[in-house]
Amino acid sequence: MRTDIYQSPLCERYASKEMQSIFSNDRKFSTWRKLWVALAESEQELGLPISNEQIQEMKSQISNIDYEKAKQYERELRHDVMAHVHTYGDACPKSAGIIHLGATSCYVGDNTDIILMQSALIQIKNLLLNAVEALSEFAMEYKALPTLAYTHFQAAQPTTVGKRACLWMNDLLFDIEQLDFQLNSLKLLGCKGTTGTGASFLELFDGDEEKVERLEQKIADKVGFSKCQSVSGQTYTRKADFAVLQVLSGIAQSASKFSSDIRLLSHLKEVDEPFEEKQIGSSAMAYKRNPMRSERIASLARFVICDLQNTAITASAQWFERTLDDSANKRLSVPEAFLATDAILNLYINVIRGLKVYPAVIKKHLDAELPFMATENIMMYCVKNKGGDRQKLHEAIRKHSVKAAEQVKLYGVDNDLIERIKADDMFGLTEDEIDMLLNPVKFTGMAEYQCETYVKEIVRPLLEGNKQRENVTAQIYV
């Protein structure tokens, strides 16, 4: 590892080797060569004088890339594609004259970008499915555990821990829908020439428009795509990059929301994210267990969400059929968005698989607020079963509630509202009646049912329909 120059933390610390491999030089430039082979094969099949020997020579050198020679050529030519054309030609002397025949730089550059984004989206989908699977297991384990729900981070009507996990899952399922749409919408640029008119290929095929169209479809078939862009300038529309990064931004939004909830729950001591045996939470405060993984999710998510603006500005700034102010930006914005999203989802999976839940603390927080929430049920019960006067009971509860809240806020004591109501003869409630009225399950509504139904009817069919997914270890090393 070089220590005397800057290296991206996305590669050094965060992103998986799988995602790094997708955007590696080896993958990029070998894809360029595969595209050159596909072009030559297709041109041969349509009648151009290209021999089998030339094509076999090109195929034999797809992975044999002399990077140092390519750098030397680029220093001289100031053109990365032509540097690699010459490097490939040096390795394939018999085919040097037909490499890149009729093509422009974007033939390899743009088509490769689409191919790599396709691979990266498939990798991201696999991570999303792993995250959803982990969440579904967590949700079912805690589907019936009552917990205090919050609106505005103020105590509200209870829910269950499992139902809350369904909210996190629902965001990710939305992201999967968006990803699938973009994945299915991806199209190659094709081979449309310098301004998108196909003029160079039309010249090669003596004005035969049908052959030019067939050439493009043949190339697409050879690299695993069904369609090419219907029309373009020299490049595919940069709105395609924006559309793909919208998916990644959406995932980052979902993950950041999840991480914020985990951080708040950690503060409440209701959950702990995974914490290694020798992990240090603070260099100064040895007792601390900071939720650093969730914080890292939020930090990286912020980067991805902001990075979307790069592609928006790039798409809006293109001139006519081609301008080059997209190139340097695309080299950064697209790969790094994928690398960061990959890191985010690995962290997400790691956190939810290892999340520790503390039911006793959850119950303590719920018990502290439940008396206030139970007052209406108590009032209605006493009217119905004890012959009480609704208005008098309401006023008594109001006075007891104000006193109890005052004691909690001024002196930090436990909420004694129920003790006050038990001691008030107007209510006439027994211990058993009080316990029945304060059962937390009575206040969670359909939360358990909703959790079960959502996992059974929505989540499991999705997972069953994607059995080809690979299990992700999601180990966090730094």
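The table that follows gives values for the structure above.
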item: Count - residues of the range 197-223 that are of a type in the set (Gly, Ala, Ser) and touching a helix residue (DSSP H, G or I) at 6+ places or on another chain (Cβ under 8 Å); result: 1
item: Residue satisfying condition, being assigned to a helix (DSSP H, G or I) and not hydroxyl-bearing (Ser, Thr, Tyr), within set LYS467, LYS409; result: LYS409
item: Tabulated pairs, the range 72-84, first at pLDDT below 95, second part of a helix (DSSP H, G or I) and exposed (fewer than 13 other Cβ atoms within 10 Å of the Cβ), C-beta under 9 angstrom, 6+ apart or interchain; result: none
item: Of the criteria (1) over 24 Å from the mean Cα position of the chain (by Cα); (2) within 23 Å of LYS34 (Cβ to Cβ); (3) among the small types (Gly, Ala, Ser); (4) surrounded by 14 or more Cβ atoms within 10 Å (Cβ to Cβ), which one GLY224 fails; result: (4)
item: Flag for ALA149 being hydrophobic (A, V, I, L, M, F, W, C), modelled with pLDDT under 95, surrounded by fewer than 22 Cβ atoms within 10 Å (Cβ to Cβ) and over 21 Å from the mean Cα position of the chain (by Cα); result: no
item: Search result, residues across the range 349-382 that are modelled with pLDDT of 95 or more, over 19 Å from HIS267 (Cβ atoms) and not β-branched (Val, Ile, Thr); result: ASN350, ARG353
item: The range 152-193 - residue that is over 17 Å from GLN253 (Cβ atoms) and among the aliphatic types (A, V, I, L, M) and, of those, nearest to the chain's Cα centre (by Cα); result: LEU183
item: Answer residue from the range 305-329, given it is part of a helix (DSSP H, G or I) and touching a Lys or Arg at 6+ places or on another chain (Cβ under 8 Å) and is surrounded by the fewest Cβ atoms within 10 Å (Cβ to Cβ) among those; result: ALA315
item: Qualifying positions in the range 86-113 - part of a helix (DSSP H, G or I), of a type outside the set (Ser, Thr, Tyr) and surrounded by fewer than 22 Cβ atoms within 10 Å (Cβ to Cβ); result: HIS86, GLY89, ASP90, ALA91, GLY109
item: Matching entry among GLY190, GLY196, GLY207 (being at pLDDT 95 or above, in contact with a Gly (Cβ under 7 Å, 6 or more places away or on another chain) and not in a helix (DSSP H, G or I)); result: GLY196
item: Complete set of residues in the range 130-188 that are free of Cβ contacts under 8 Å to residues at least 12 places away in the same chain and over 30 Å from ILE219 (Cα atoms); result: GLU137, TYR150, THR151, HIS152, GLN154, ALA156, LEU167
item: Test result for LYS218, under 30 Å from ILE55 (Cα atoms) and of a type outside the set (Val, Ile, Thr); result: yes
item: Test: GLU216 is part of a helix (DSSP H, G or I) and surrounded by fewer than 16 Cβ atoms within 10 Å (Cβ to Cβ); result: no
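For every residue, the table says whether it meets (1) farther than 30 Å from GLN234 by Cα; (2) touching a helix residue (DSSP H, G or I) at 6+ places or on another chain (Cβ under 7 Å); (3) of a type in the set (Asp, Glu).
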site: VAL108; (1), (2), (3): no, yes, no
site: THR112; (1), (2), (3): no, yes, no
site: GLN123; (1), (2), (3): no, yes, no
site: ASN126; (1), (2), (3): yes, no, no
site: ASN130; (1), (2), (3): yes, yes, no
site: ALA134; (1), (2), (3): yes, yes, no
site: TYR142; (1), (2), (3): yes, yes, no
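The values are calculated or read from the model by the stated rules, or taken from the named source; none is laboratory data. Please read all numbers here as calculations on a predicted model, not as lab measurements. Using ideal geometry, Cβ is built from the backbone for each residue, glycine included, and neighbour counts are taken over all protein chains shown.
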